[in-house]
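A.B. asks: Pasting a structure below so you can have a look.
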Amino acid sequence: MKRIVTFAVMLIAVLGLPVSAAAQDGIDTGDNAWILTSSALVLMMTGPGLALFYGGLVRQRNVLGTMMQSFAMMALMTLLWAIYGYSLSFAEGNTFVGGFGHVFLNGVGMEPNGSIPHLTFMVFQLMFAIITPALISGAFAERMKFSAMLLFMALWGTVVYFPMVHMVWGGGFMSGDGMIPCLDFAGGSVVHMSSGVAALVIALYLGKRKGYPSEAMRPHNLTFAFIGACLLWVGWFGFNAGSALAADGLAAVAFVNTHFAAAAAVTSWLVVEWLRDGKPSMLGGITGAVAGLVAITPASGFVAPMDAIIIGLAAGAICYFAVAVVKAKFGYDDSLDAFGVHGVGGTVGALLTGVFARMAIGGADGLVEGNAGQFVNNALGSALTWVFSGVATFVILKIVDAIIGVRISSGDESIGLDITQHGEEAYN
């Protein structure tokens with residue numbers, strides 16, 4: 001029996017799987033259970049949450065193609081993350097990007113990372129890497145080739161997302177000890193601003209959908225979109241409260257702030273819409289909820305619950321203005337308002353984090369507590385994120401366009417993504 005056990009241990013070690021019982025020292029099982037649960041909640045935000053939300057908002061002939069874009073990120077980004085993405089994000093490197101110390105998950109096992117296993121931390125962060133590029137797909141819905149989408153997302157994740165993670169969370173120049181220390185609890189700049197700005201660049205680069213804006217392009221299934229938005233709301237508790245990386249008081253604060261901000265943003269969006277358009281719409285309500293969730297993301301572990309309500313109220317009104325007024329004025333076709341919600345909402349949240357951050361909650365003061373420098377740092381970090389993501393996205397688009405082309409043909413656009421890209425239909 002002893003020989004069998006020894007052989008099994010040697011075999012697992014050769015396969016690179018962590019087996020050391022000693023590695024369990026320092027692990028808090030409650031914290032580990034919460035972060036594993038949070039990881040599942042964040043994955044649920046992409047599929048089915050975002051897939052249903054975006055899928056319901058497009059026209060019938062594009063529903064499968066749109067949902068497939070979110071689903072594909074669950075596979076593509078997982079593989080990239082395991083091979084080199086986690087390493088470029090969190091391994092020791094320079095001030096802009098991590099090194100190759102964790103390539104192929106080298107050194108990532110059951111050893112503690114804080115109070116949770118390193119593997120748990122890695123897989124939790126993976127779920128953010130999945131949803132971030134998926135968010136961008138809302139801007140080019142109904143008009144990008146599936147093959148071009150895959151190549152673009154692989155390059156964007158490598159060039160933009162992984163370095164952004166390192167710069168803000170992995171010890172880079174925008175981290176707590178960096179040259180420009182920015183407060184970003186769960187991804188205001190890393191996730192929402194970077195993807196939202198990329199969405200705007202893609203929308204401008206691709207141009208408008210055929211028939212936009214003269215042709216009505218109403219959502220084909222608001223029920224899908226409603227269910228997706230509610231799944232996003234629930235999943236966001238893992239997104240924000242899970243970013244405490246422990247089942248502690250900070251997680252409770254982030255959880256409450258997340259809910260309060262979403263509720264406030266729904267209210268402000270619907271009030272403004274009601275006053276301006278005469279009716280409060282379901283589409284407006286669920287979009288407002290996402291706007292509030294986006295805005296509270298960077299602030300969720302730094303502000304008090306009443307601050308979260310203020311942030312949500314501001315996000316709902318400002319994002320409504322971005323979607324209903326600014327987009328119409330400038331005429332760009334951000335199909336599902338990825339920029340108006342994530343780019344604008346993420347920026348609002350980052351700036352207001354610098355305003356309302358409180359030392360007693362997250363260990364840093366903002367403008368209301370007398371630290372104007374933190375607001376300046378968050379504003380600089382936001383500007384740098386806009387420039388970096390915008391320029392890099394444009395260069396990547398040009399490369400992908402030169403290699404395989406990015407936009408489907410006019411004829412294929414009339415037929416729809418479902419048939420032309422995947423050979424199937426959502427409804428018989």
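A.B. asks: List every residue pair whose Cβ atoms lie under 7 Å apart, where the two residues are 6 or more positions apart in sequence or sit on different chains, the first residue falls within the range 389-407 and is within 15 Å of Met193 (Cα to Cα) and modelled with pLDDT under 95, and the second residue, located anywhere, is among the charged types (D, E, K, R) and in a helix (DSSP H, G or I).
C.D. replies: That search, which allows pairs on different chains as well, returns nothing.
A.B. asks: If you don't mind, there's one more thing I want to ask. Checking the structure you have, find out if any residue of the range 269-276 is touching a helix residue (DSSP H, G or I) at 6+ places or on another chain (Cβ under 6 Å), under 18 Å from Ala225 (Cα atoms) and surrounded by 24 or more Cβ atoms within 10 Å (Cβ to Cβ).
C.D. replies: Yes, the range 269-276 contains at least one residue that is touching a helix residue (DSSP H, G or I) at 6+ places or on another chain (Cβ under 6 Å), under 18 Å from Ala225 (Cα atoms) and surrounded by 24 or more Cβ atoms within 10 Å (Cβ to Cβ).
A.B. asks: Looking at this structure, is Gly242 outside any helix (DSSP H, G or I), within 18 Å of Pro298 (Cα to Cα) and at pLDDT 95 or above?
C.D. replies: It is false that Gly242 is outside any helix (DSSP H, G or I), within 18 Å of Pro298 (Cα to Cα) and at pLDDT 95 or above.
A.B. asks: Kindly evaluate Arg407 against the criterion of being in contact with a Leu (Cβ under 8 Å, 6 or more places away or on another chain), over 20 Å from Ala317 (Cβ atoms) and basic (Lys, Arg).
C.D. replies: Yes, satisfied.
A.B. asks: Looking at the range 82-122, which of its residues are under 21 Å from the mean Cα position of the chain (by Cα) and either among the hydroxyl-bearing types (Ser, Thr, Tyr) or more than 16 Å from Tyr161 (Cα to Cα) (or both)?
C.D. replies: Tyr84, Tyr86, Ser87, Ser89, Leu119, Thr120, Phe121
A.B. asks: Name the pairs: first residue in the range 362-376 and touching a residue at least 60 places away in the same chain (Cβ under 8 Å) and more than 22 Å from Ala251 (Cα to Cα), second residue buried (at least 21 other Cβ atoms within 10 Å of the Cβ) and of a type in the set (Ser, Thr, Tyr), Cβ to Cβ under 7 Å, at least 6 apart or on different chains?
C.D. replies: So the pair list comes out empty.
A.B. asks: Out of Thr258, Thr223, Thr267, I need the residue that is in contact (Cβ under 8 Å) with a residue 60 or more places away in the chain, hydroxyl-bearing (Ser, Thr, Tyr) and either in a helix (DSSP H, G or I) or on the phi > 0 side of the Ramachandran plot (or both). Which one? Don't jump to the end; show me each part of the working.
C.D. replies: Values: Thr258 fails: in contact (Cβ under 8 Å) with a residue 60 or more places away in the chain; Thr267 fails: in contact (Cβ under 8 Å) with a residue 60 or more places away in the chain.
Unique residue meeting the criteria: Thr223.
A.B. asks: Something else now. Tell me which residues, restricted to the range 238-266, are surrounded by 22 or more Cβ atoms within 10 Å (Cβ to Cβ), within 20 Å of the chain's Cα centre (by Cα) and closer than 23 Å to Ile27 by Cα.
C.D. replies: Passing the criteria: Gly238, Phe239, Asn240, Ala241, Gly242, Ser243, Ala244, Ala251, Ala254.
A.B. asks: Same structure again: Across the range 374-428, which residue is farthest from Met149 (Cα to Cα) among those that are touching an Asp or Glu at 6+ places or on another chain (Cβ under 7 Å) and of a type in the set (A, V, I, L, M, F, W, C)?
C.D. replies: Among them, the one singled out is Ala426.
A.B. asks: Now, a different point. How about the range 103-204: which helices (runs of 4 or more DSSP H) wholly inside it have at least 3 residues that are closer than 30 Å to Ser410 by Cβ, modelled with pLDDT of 95 or more and of a type outside the set (Val, Ile, Thr)?
C.D. replies: Once the helices (runs of 4 or more DSSP H) in the range 103-204 are filtered for at least 3 residues that are closer than 30 Å to Ser410 by Cβ, modelled with pLDDT of 95 or more and of a type outside the set (Val, Ile, Thr), what remains is 118-136, 146-156.
A.B. asks: For residues that are part of a helix (DSSP H, G or I) and touching a residue at least 24 places away in the same chain (Cβ under 8 Å), scanning just the range 329-339, find the one that is surrounded by the most Cβ atoms within 10 Å (Cβ to Cβ).
C.D. replies: Once the filter is applied, the top-ranked residue is Phe339.
A.B. asks: On the given criteria, is Phe146 free of Cβ contacts under 8 Å to residues at least 60 places away in the same chain, surrounded by fewer than 21 Cβ atoms within 10 Å (Cβ to Cβ) and within 30 Å of Met217 (Cα to Cα)?
C.D. replies: no
A.B. asks: Enumerate the helices (runs of 4 or more DSSP H) found wholly within the range 340-428, keeping only those where 3 or more residues are in contact with a Phe, Trp or Tyr (Cβ under 9 Å, 6 or more places away or on another chain).
C.D. replies: Helices (runs of 4 or more DSSP H) meeting the threshold: 344-356, 372-403, 417-422.
A.B. asks: While we're here: Hey, could you check the range 168-197 for residues that are polar (S, T, N, Q) and in contact with a Cys (Cβ under 9 Å, 6 or more places away or on another chain) and say which is nearest to Leu245 (Cα to Cα)?
C.D. replies: Checked the range 168-197; the qualifying residue nearest to Leu245 (Cα to Cα) is Ser175.
A.B. asks: If the requirement is being closer than 28 Å to Leu231 by Cβ, touching a helix residue (DSSP H, G or I) at 6+ places or on another chain (Cβ under 7 Å), surrounded by fewer than 22 Cβ atoms within 10 Å (Cβ to Cβ) and modelled with pLDDT of 95 or more, which of these qualifies: Ala304, Ala295?
C.D. replies: Going through Ala304, Ala295 in turn, just one is closer than 28 Å to Leu231 by Cβ, touching a helix residue (DSSP H, G or I) at 6+ places or on another chain (Cβ under 7 Å), surrounded by fewer than 22 Cβ atoms within 10 Å (Cβ to Cβ) and modelled with pLDDT of 95 or more: Ala304.
Yes/no per residue for (1) farther than 29 Å from Val159 by Cβ; (2) at pLDDT 95 or above; (3) in contact with a Cys (Cβ under 7 Å, 6 or more places away or on another chain); (4) of a type in the set (S, T, N, Q):
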position: Glu215; (1), (2), (3), (4): yes, no, no, no
position: Leu232; (1), (2), (3), (4): no, yes, no, no
position: Ala262; (1), (2), (3), (4): yes, yes, no, no
position: Val271; (1), (2), (3), (4): yes, yes, no, no
position: Lys279; (1), (2), (3), (4): yes, yes, no, no
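A.B. asks: Restricting attention to the range 33-58, which residues are surrounded by 19 or more Cβ atoms within 10 Å (Cβ to Cβ), touching a residue at least 60 places away in the same chain (Cβ under 8 Å) and not hydrophobic (A, V, I, L, M, F, W, C)?
C.D. replies: Residues satisfying the conditions are Ser38, Ser39, Thr46, Pro48, Gly49, Tyr54, Gly55, Gly56.
A.B. asks: Test Leu135 against the criterion of being under 13 Å from the mean Cα position of the chain (by Cα), closer than 25 Å to Gly235 by Cα and of a type outside the set (Ser, Thr, Tyr), and give yes or no. Before you say what the answer is, go through the steps one by one.
C.D. replies: Working: under 13 Å from the mean Cα position of the chain (by Cα): yes; closer than 25 Å to Gly235 by Cα: yes; of a type outside the set (Ser, Thr, Tyr): yes.
Yes.
A.B. asks: Residue by residue through the range 155-169, note down the ones that are crowded, with 21+ Cβ neighbours inside 10 Å and β-branched (Val, Ile, Thr).
C.D. replies: Val160, Val165, Val168
The values are calculated or read from the model by the stated rules, or taken from the named source; none is laboratory data. Worth saying up front: this structure is predicted, and the values here are computed from it rather than measured. All Cβ positions, glycine included, derive from the backbone under ideal geometry; neighbour counts span all protein chains shown.
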